[in-house]
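Asker: Provided herewith is a single structure, encoded as structure tokens, for subsequent inquiry.
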């Protein structure tokens, strides 16, 4: 009986660990956000960004990364808020979007990068039906960490592949 109890406990821990995901957390406009770590390509100090005319207002411009033109978005503008100010902690998080055969790189402006954290599936609430300052389809869920919530972004919905292709065609 004791052996079974330990085995059950071990199985529960394994199941719990398999339902844990890692998220890169960062600050924007005083709020903590997160994106799945598997979609993060790299984190850069705020570089010189080339302005490109006729792009949507939420696109700050492009950066050259290893010969590739990567669009850089200001998510706060995408969410209908004022542009993020740039200071010494401002970073660009380079993300990979889309399916494996259509991966695209995209940079997002963040005020500061915090840490990579583990969040269990049981600690993720569905997006709120009200009160969110960003569109619900942009939110994967609300991660609970130490009695606080982190907005977990569904980055593939923040900018669709079709929009990304349109941006790539313009730059």
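Asker: Could you list all residues from the stretch 30-64 that are surrounded by fewer than 15 Cβ atoms within 10 Å (Cβ to Cβ) and not in a strand (DSSP E or B)? I'd like the intermediate steps shown before the answer.
Answerer: Filtering the stretch 30-64 for residues surrounded by fewer than 15 Cβ atoms within 10 Å (Cβ to Cβ) gives 30-31, 37-38, 42-43, 45, 47-48, 50-51, 53-54, 56-57, 64.
Within the stretch 30-64, 30, 37, 38, 47, 48, 51, 53, 54, 56, 57 qualify.
Asker: Sticking with this structure for a sec: Looking at (1) touching a strand residue (DSSP E or B) at 6+ places or on another chain (Cβ under 9 Å); (2) touching a residue at least 40 places away in the same chain (Cβ under 8 Å); (3) closer than 30 Å to residue 124 by Cβ, which is the only condition residue 80 fails?
Answerer: (1)
Asker: Does at least one position in the stretch 45-68 carry a residue that is under 15 Å from the mean Cα position of the chain (by Cα) and either in contact (Cβ under 8 Å) with a residue 24 or more places away in the chain or under 19 Å from residue 115 (Cβ atoms) (or both)?
Answerer: First, the residues of the stretch 45-68 that are under 15 Å from the mean Cα position of the chain (by Cα): none.
No.
Asker: In addition: Can you find a residue that is at pLDDT 85 or above, assigned to a loop (DSSP other than H, G, I, E, B) and closer than 14 Å to residue 33 by Cα anywhere in the stretch 107-127?
Answerer: Keep residues of the stretch 107-127 that are at pLDDT 85 or above, which gives 107-126.
Remaining after also requiring assigned to a loop (DSSP other than H, G, I, E, B): 111, 126.
From what is left, the residues that are closer than 14 Å to residue 33 by Cα are 111.
Yes, there is a match, as at least one residue in the stretch 107-127 is at pLDDT 85 or above, assigned to a loop (DSSP other than H, G, I, E, B) and closer than 14 Å to residue 33 by Cα.
The values are calculated or read from the model by the stated rules, or taken from the named source; none is laboratory data. Keep in mind that what you see is a predicted model, and the values were worked out from it rather than measured. As a convention, Cβ positions derive from the backbone with ideal geometry for all residues, glycine included, and neighbour counts pool all protein chains shown.
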